[in-house]
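Each value in this text was obtained by applying a stated rule to the coordinates, not by laboratory testing. Please read these numbers as outputs of a predicted model, since none were measured by experiment. Here the Cβ positions follow ideal geometry from the backbone for every residue, glycine too, while neighbour counts run over all protein chains shown.
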Amino acid sequence: MQISANKVVAIDYTLTNSEGAVIDSSEGRGPLAYLQGHSNIIPGLETALEGKNVGDALQVTVAPADGYGERDDSLTQAVPRNMFENADEIQVGMQFQTQTEQGPHIVTVISTDDENVTVDANHPLAGQTLNFDVKVVEVRDASAEELEHGHVHGPEGHEEH
Ligand code: ZN
């Protein structure tokens, strides 16, 4: 079965950055399952997988525009320390979820001083060229419920999401 819109696809993958460092991998966790054509994964990878079959292996280089976007330096912001409940425990590299008009968003602490905690709302992989080593391990039709929800359900049936 070929990968096309509304198919459930399972892939093994390794993601490396342009320096060759492994950023993420399915190894040890099992394949990643997603619903093709529903923006479950970044556009550059979804496009590259269209038309592929079980057993196909491919290497995909994804530019930032087709990945997590370009970095936007205006997305860094100094927040007064007293806005944080646990201000004493905040360290560079910590991540927090914030609510925005576009929904929940992850921000990363990039610096702190006595007054402020500076956070960066760029995706941690924004601005990076991403290299995926991908192997297609399963392609199946999506269930009606999966299509309605726009994502894949696990083998135990519906999980709350
Ligand atoms: Zn669901």
| Of Ala87, Thr76, Gln97, which is farthest along the charge dipole of segment 73-120 in the positive direction, counting Lys and Arg as +1 and Asp and Glu as -1 at C-beta? | Gln97
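From largest to smallest, what semi-axes in whole angstrom does segment 73-120 give when each is the square root of 5 times an eigenvalue of its alpha carbon gyration tensor?
Values: eigenvalues 61, 28, 20 Å².
Over the Cα atoms of segment 73-120, the ellipsoid semi-axes are 18, 12, 10 Å.
Based on the Cβ-Cβ distance of Asn17 and Asn53, what FRET efficiency does E = 1/(1 + (r/R0)^6) give at R0 = 45 Å, to the nearest 0.05? Don't skip to the answer; put the middle values down first.
Values: r = 28 Å, r/R0 = 0.63.
So the FRET efficiency works out to roughly 0.95.
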| query | For labels at Glu89 and Asp24 in the simple 7 Å Cα→Cβ model, what's the distance in nm? | reply | 2.6
| note | GluC sites (Glu not before Pro) in segment 1-89 lying in a DSSP loop, each with at most 16 other Cβ atoms within 10 Å of its Cβ, come to Glu19, Glu27, Glu50, Glu70, Glu85
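Kirkwood Rh over alpha-carbon pairs of the chain, then Stokes-Einstein at 37 °C and 0.692 mPa s: what D in µm² s⁻¹, rounded to an integer?
Working: Rh = 17.9 Å.
Translational diffusion coefficient: 183 µm²/s.
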| query | Full extension from Ala5 to Thr98: what is 0.36 nm times the residue separation minus their Cα-Cα distance, to one decimal in nm? | reply | 30.3 nm
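Which of the peptides 5-18, 136-149 is most tightly packed, and how do the rest follow, judged by the mean count of other Cβ atoms within 10 Å per residue?
Working: 5-18: 17.5, 136-149: 14.9.
Highest-to-lowest ranking by the protection proxy: 5-18, 136-149.
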